[in-house]
Amino acid sequence: MAGVSKACCSIPPVVSKGYQEKGEYKTIGGLKTYVTGPADATRAILVIYDIFGYWPQTLQGADILATSDPDQKYRVFIPDFFEGEPADISWYPPTTDEHKQKLGNFFATKAGPPATLSKIPGVVADANKTATTGGGYSAWGILGYCWGGKVANLTLGKENSVFKAGAQAHPAMLDPADAKNVHVPIALLASKDEDPEAVKGYEQNLTVAKLVETFPTQIHGWMAARANLDDPEVRKEYERGYKTVLDFFHQHL
């Protein structure tokens with residue numbers, strides 16, 4: 001399964017610099033959270049950012065998910081799981097021992113997936129209280145970038161009672177074994193930097209509806225903080241990536 005339905009959405013012009021986000025920050029589940037999309041949306045998407053936190057490229061992506069299709073509305077939530085202290089983007093890729101040490105310390109102290117997973121139920125429960133329907137959102141999807149892709153993966157096991165579909169863009173720590181535990185439809189958008197054998201093994205181990213596609217011209221991070229949107233090729237594939245995710249969610253949420 002690959003490709004994009006041309007009818008799925010109309011992505012607004014992507015802004016390469018000086019993007020002004022359309023949403024607002026609220027406290028959800030005790031965390032500062034970027035919230036965007038129509039207030040009357042009945043479906044929601046939880047976005048797990050990459051280790052660099054809130055970046056214009058990531059916020060613009062959330063707005064694209066929320067506003068590209070007036071007939072299929074989503075309320076999008078990005079919690080600040082790092083509570084104002086994300087990794088410094090200058091550490092990646094780690095070319096010095098100092099950067100390697102700082103990244104290692106960050107993963108050891110702040111980016112352990114279990115700690116993040118434990119916060120997700122509270123965020124979803126609190127977000128559901130904001131739904132205008134009064135009974136919570138009728139369906140939830142989850143999208144994770146890089147490190148957030150690993151978190152998204154781990155939420156979708158058989159004990160998952162919240163998310164109906166998931167997606168991951170240029171996931172970090174991609175493990176084919178994780179695919180065996182995924183129990184809802186999932187999309188994987190890989191960059192040229194992910195291990196092709198891991199991508200292949202992950203796809204082979206999935207037993208659910210799936211979309212697995214590699215964007216061969218793109219680096220790890222092209223749909224989030226590391227996207228150089230001044231580059232026409234990156235901008236084109238950034239747009240195509242979001243259309244692909246939207247089309248997948250339209251089918252499965």
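Here, each number is a calculation from the coordinates, and none is a lab measurement. Here the structure is a predicted model, which is why all the values come from computation and not from measurement. All Cβ positions, even for glycine, are placed from backbone atoms using ideal geometry, and neighbour counts span all protein chains on display.
Annotations for the structure displayed:
- Remark: the His183-Ala39 segment gains 48.9 nm on full extension, using 0.36 nm per residue and subtracting the alpha carbon distance.
- Shape call, the stretch 24-252: gyration tensor on alpha carbons, a/c limit 1.5: rounded
- On the basis of the beta-carbon distance and an R0 of 22 Å, Tyr19 and Lys236 show a calculated FRET efficiency of 0.80.
- A cut-off of 5 Å between modelled amide H atoms, ignoring neighbours fewer than 5 places along the same chain, links Ala111 with no other residue.
- Between Ile48 and Leu143, Gly144, Tyr145, the built amide H atoms are under 5 Å apart, and every one of these is 5 or more places off in sequence or on another chain.
- Backbone phi angles across the stretch 241-253, fed through the Karplus curve with coefficients 6.51, -1.76 and 1.60 (θ = phi - 60°), yield HN-Hα couplings of x, 5, 4, 5, 5, 4, 4, 5, 5, 4, 6, 10, 9 Hz in residue order; Gly and Pro are listed as x.
- Antiparallel bridges, percent of DSSP beta bridges restricted to the stretch 24-252 (to nearest 5): 25
- Candidates Pro12, Pro79, Pro171: whichever shows maximal mean-square fluctuation once the chain is modelled as a Gaussian network with Cα springs under 10 Å: Pro12
- Per the Kirkwood formula applied to alpha carbons, the stretch 1-85 shows a radius of gyration over Rh ratio, Rg over Rh, of 0.98.
- Here the simple spin-label model places points 7 Å from the Cα toward Cβ, and for Ala209 and Gln72 these points are separated by 1.0 nm.
- Residues considered: Gly136, Gly148, Gly112. Largest GNM mean-square fluctuation over the chain, using C-alpha springs under 10 Å, is found at Gly112.
- Where trypsin sites (Lys or Arg not before Pro) fall in DSSP loop in the stretch 110-204, at most 15 other Cβ within 10 Å: Lys119, Lys129, Lys158, Lys180, Lys192
- The Cβ shell under 12 Å around Leu156 holds other residues with a net charge of +3, Lys and Arg each +1, Asp and Glu each -1.
- Counted without the sites themselves, the longest stretch of the chain free of GluC sites (Glu not before Pro) in a DSSP loop having at most 12 other beta carbon atoms within 10 Å is 160-253.
- When the Gaussian network model of the chain links Cα atoms closer than 10 Å, the mean-square fluctuations of Leu143, Leu188, Leu206 top out at Leu206.
- Taking 0.36 nm per residue of separation and subtracting the current Cα-Cα distance, fully stretching the chain between Thr96 and Lys192 would add 32.3 nm.
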